[in-house]
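What follows is one structure encoded as structure tokens, with my remarks underneath.
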Amino acid sequence: MIGRPVWRFTEVASTQDIAFRLAELGAPHGTIVRADYQTAGRGRQGRKWDAPAGLSLMFSVLLRPTCPLHELGSMSLAVGSVLADVFASHTTAPVQIKWPNDVLIDGRKVSGILMQTRTGASSIAVLGIGINVSTPDLLLPVGATSLQAYADDPVDTDVLFSELIIALDRMDRDWQPLLRPDEVSQIEARLWQNGELVSLLDAEREIVGRIIGLDSSGGLRLESNGTERIIVSGEIVRGPRPIG
Ligand code: BTN
């Protein structure tokens, strides 16, 4: 069950490390590690995740997947969809999912998801979630904002955390590596820049194409030079721009 137990810390290097350590010690699937402050918070692509104490929600969920780790691609999208639904219950502003791992409000990043895996005696995945709850825009990188900036009412971080645990647990019970058509459509309806021309950066490679949706394993369907490609990793680095 997601959130049984929750380990809460005032300060850690990264909740990801603690979750992996607890996994080695036999902690169950669903264990959550939450911290008020991280001295070495990690983001995707080797980036840092810095957040001032008390203004954001940062936690890691330990998963013991029963499927091969390479089939977890759709999990972070499903998690993004859960976050988006919960955020949407606090705001009337548009909440979108930026493939593969970010949740945006009004086009600005409010949350990032980091999935890290390890194989050993058993397979482990740690899903790290960082949410700007009430961080003032001034303290955030350009292009980021907080949920509170768009919320209709004051957002209580502990209440938000409880809402997320309930929704994540529901998702986890239902989740399968291949998304159902209705789940694909639901995520596509929130997909940032769906139908737009974008640039995608994967390692050193840049691919330009039009987003045409998602496939059931969570890959991004991109129409590029008249052919459809399924992108499984990378990052959308630029929005629509003229061809040529
Ligand atoms: C990203 O946007 O690049 C992903 C950011 C993930 C940040 C969270 S905060 C909790 C957990 N612990 C970490 O060190 N990182 C994740």
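Structure values in brief
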| quantity | calculated |
| --- | --- |
| Whole-Å semi-axes of the chain's equivalent ellipsoid (Cα gyration tensor) | 27, 22, 17 |
| Length-normalised contact order for the range 61-204 - Cα pairs under 8 Å, 6+ apart - percent | 27 |
| 10 °C / 1.306 mPa s Stokes-Einstein diffusion coefficient of the range 118-234, Kirkwood radius on C-alpha pairs, µm²/s | 91 |
| Debye, to nearest 20: dipole size of the chain, +1 on Lys, Arg Cβ, -1 on Asp, Glu Cβ | 540 |
| Helix-derived mean residue ellipticity, 222 nm - over the chain, DSSP H n ≥ 4, -39500 (n - 2.57), to 500 | -7000 deg cm²/dmol |
| Helical segments meeting 18 Å axial Cα length and Kyte-Doolittle 0.0 threshold in the chain (DSSP H) | 73-88, 157-174 |
| Pairwise centroid distance, computed over Cα atoms, of the range 65-79 with the range 81-152, Å | 18 |
| Among Ser134, Ser122, Leu160 the positive-end extreme of the charge dipole of the chain (Cβ point charges) | Ser122 |
| Total charge dipole magnitude, the range 141-203, about the Cα centre, Cβ charges on Lys, Arg, Asp, Glu only, Debye to nearest 20 | 200 |
| Long-range HN-HN contacts of Trp192 with modeled amide H, under 5 Å | Ile97, Lys98, Trp99 |
| Distant-in-sequence amide H partners of Gly43 (H built 1.01 Å from N, under 5 Å) | Lys48, Trp49 |
| 13 Å tail of the calculated P(r), the range 46-102, as % of Cα pairs | 73 |
| Most to least packed among 124-135, 7-18, 38-49 [average Cβ atoms within 10 Å] | 124-135, 7-18, 38-49 |
| Quotient of Cα Rg and 2.2 N^0.38 Å for the range 1-94, N being how many residues it contains | 1.16 |
| Kirkwood Rh and Cα Rg combined as Rg over Rh, evaluated for the range 181-244 | 0.95 |
| Calculated FRET efficiency for the pair Leu138/Asp202, C-beta based, R₀ 35 Å, to 0.05 | 0.60 |
| Cα gyration tensor of the range 67-136 - equivalent ellipsoid semi-axes, whole Å, descending | 27, 12, 9 |
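Quick note: the coordinates plus some simple rules give every number you see, no bench work behind them. A quick note: this is a predicted structure, and the numbers were derived from the prediction, not measured. Neighbour counts are summed over all protein chains in view; Cβ atoms, including those assigned to glycine, are modelled from backbone coordinates with ideal geometry.
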